[in-house]
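Colleague: Take a look at the following structure, please.
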Amino acid sequence: MFRLQGSKVLAVDMTGDAVKAKNGSMVAYDGQMAFKKLSGGGEGIRGMVTRRITGEQMTLMEVKGQGTCWFADRASEINLVNLQGDKLFVESSNLLATDSGLRTGTSFTGLRGASQGNGLFTTTVEGHGQAAIMSDGPAVVLRVSSQYPLTVDPGAYIAHQGNLRQSFQSGVTFRTFMGEGGGEAFQIRFEGDGVVYVQPSERNSIAGDV
C-alpha cells in the first residue's frame, strides 16, 4: 500500500481503504478521494482528554477512496516502518502517515519532551500495517541490544521500536561539547532490544539543554 517515489515522496495506492496523514502533506492524487480533518493525540474520549492535558499539536487528515495519493512535507526524507502488532514511538512532528490498520495515541516520555517544547508526551503508533516517518536528512537506524546500549542526543532522536527502556543522563551533550549549548544538558539512553531512528540534523529547539 505504501511505496516511496525517490526518498522524499510517499505514494499510497488505495482501493477504498483509508490512510491518515499529516495535515497539509498531500501534494497530488488521482482517482476519487474524500478528505476529513482529524485531531492528534489518539482516538476516542481518551484521545480528546489526552490532547487537552498535553497540548498535543499533531493534526492529521484522513484520506479515503480509490486511486493514488502522494504525500511529502518540506522535502523531508521518508522512511517506511512495518509494524506486526508492535508499537512505534515517534515524535509527532516526524510522523507523516499511517495506514488503516494502525492506531495512534500518546505516551509519557518525561523530561525530554518538555525540554523540546513538545509537552511531556510523544506519539505512539501500534497494530499491523505501515507507517511513514520523516527525517531532516537520511535517517540512520541504530540497533540496540543488551550488550550494546545506545545514547542519543535528544535533538537528533526521531523514533524507536522494540523492547527498549529509556533513561535520561545529565552531562555534556554533543552540541554542548561543540560550544553550541549552555546550561545543564542531558542525553537519552536506550537499553534492551530494538532499534532507534536518528536524523543527521538537530531540531531548532533547546533540545538537550534544560
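The values are calculated or read from the model by the stated rules, or taken from the named source; none is laboratory data. Only a predicted model underlies this, so the values are computations on that prediction, with no experimental measurement involved. Here the Cβ positions follow ideal geometry from the backbone for every residue, glycine too, while neighbour counts run over all protein chains shown. What goes into the accessible areas is simple: the full protein's heavy atoms, side chains included, and nothing from ligands, DNA or RNA. Shrake-Rupley method; radii C 1.70, N 1.55, O 1.52, S 1.80 Å.
Colleague: Taking the condition of being more than 14 Å from the chain's Cα centre (by Cα) and either closer than 9 Å to VAL125 by Cα or surrounded by 22 or more Cβ atoms within 10 Å (Cβ to Cβ) (or both), how many residues in segment 71-80 meet it? Break it down into steps so the answer makes sense when it comes.
Modeller: Going through segment 71-80, the residues more than 14 Å from the chain's Cα centre (by Cα) turn out to be 71-72, 74-75.
Within this subset, residues satisfying the condition of being either closer than 9 Å to VAL125 by Cα or surrounded by 22 or more Cβ atoms within 10 Å (Cβ to Cβ) (or both) are 71.
Total satisfying the criteria: 1.
Colleague: Restricting to segment 2-19, and then to whatever is open to solvent by 40 Å² or more (accessible area, probe 1.4 Å), over 19 Å from the mean Cα position of the chain (by Cα) and not hydroxyl-bearing (Ser, Thr, Tyr), can you tell me which residue is nearest to GLY65 (Cα to Cα)?
Modeller: ASP17
Colleague: On to the next question. Here is a list: LEU83, LEU88. Which entry is at pLDDT 90 or above, open to solvent by less than 20 Å² (accessible area, probe 1.4 Å) and within 30 Å of GLN32 (Cα to Cα)?
Modeller: Values: LEU88 fails: within 30 Å of GLN32 (Cα to Cα).
Answer to the selection: LEU83.
Yes/no matrix, rows are residues, columns are (1) out of contact with any helix residue (DSSP H, G or I) (no Cβ under 9 Å at 6 or more places or on another chain); (2) part of a strand (DSSP E or B); (3) charged (D, E, K, R):
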residue	(1), (2), (3)
THR122	no, yes, no
GLN130	yes, yes, no
GLY137	yes, no, no
LEU164	yes, yes, no
GLN169	yes, yes, no
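Colleague: Check ASP73 against each of (1) at pLDDT below 95; (2) in a loop (DSSP other than H, G, I, E, B); (3) more than 30 Å from GLN169 (Cα to Cα) and name the one condition it does not meet.
Modeller: Checking ASP73 against (1) at pLDDT below 95; (2) in a loop (DSSP other than H, G, I, E, B); (3) more than 30 Å from GLN169 (Cα to Cα), the one that fails is (1).
Colleague: I'm trying to understand the selection: among the residues of segment 91-104, which are part of a strand (DSSP E or B) and open to solvent by 10 Å² or more (accessible area, probe 1.4 Å)?
Modeller: Initially, segment 91-104 is screened for residues part of a strand (DSSP E or B), giving 95-99, 102-104.
ASP99, ARG103, THR104, listed by residue number.
Colleague: Of the residues in segment 147-164, how many are open to solvent by 20 Å² or more (accessible area, probe 1.4 Å) and touching a residue at least 40 places away in the same chain (Cβ under 8 Å)? Outline the logic, then answer.
Modeller: Residues of segment 147-164 that are open to solvent by 20 Å² or more (accessible area, probe 1.4 Å), as a first pass: 147-151, 161-164.
Applying the additional criterion that residues be touching a residue at least 40 places away in the same chain (Cβ under 8 Å) yields 149-150, 161-162.
Summing the residues that are open to solvent by 20 Å² or more (accessible area, probe 1.4 Å) and touching a residue at least 40 places away in the same chain (Cβ under 8 Å) in segment 147-164 gives 4.
Colleague: In segment 115-142, what count of residues is obtained for those that are at pLDDT below 80 and over 14 Å from TYR157 (Cβ atoms)?
Modeller: From segment 115-142, those at pLDDT below 80 are 115-121; that's our starting set.
With the extra rule that they be over 14 Å from TYR157 (Cβ atoms), the set shrinks to 117, 119-121.
Counting residues in segment 115-142 that are at pLDDT below 80 and over 14 Å from TYR157 (Cβ atoms) gives 4.
Colleague: Could you grab me the full set of residues in segment 1-42 that are β-branched (Val, Ile, Thr) and more than 16 Å from GLY129 (Cβ to Cβ)? Steps first, answer last, please.
Modeller: Initial filter on segment 1-42 (β-branched (Val, Ile, Thr)): 9, 12, 15, 19, 27.
Within segment 1-42, VAL9, VAL27 qualify.
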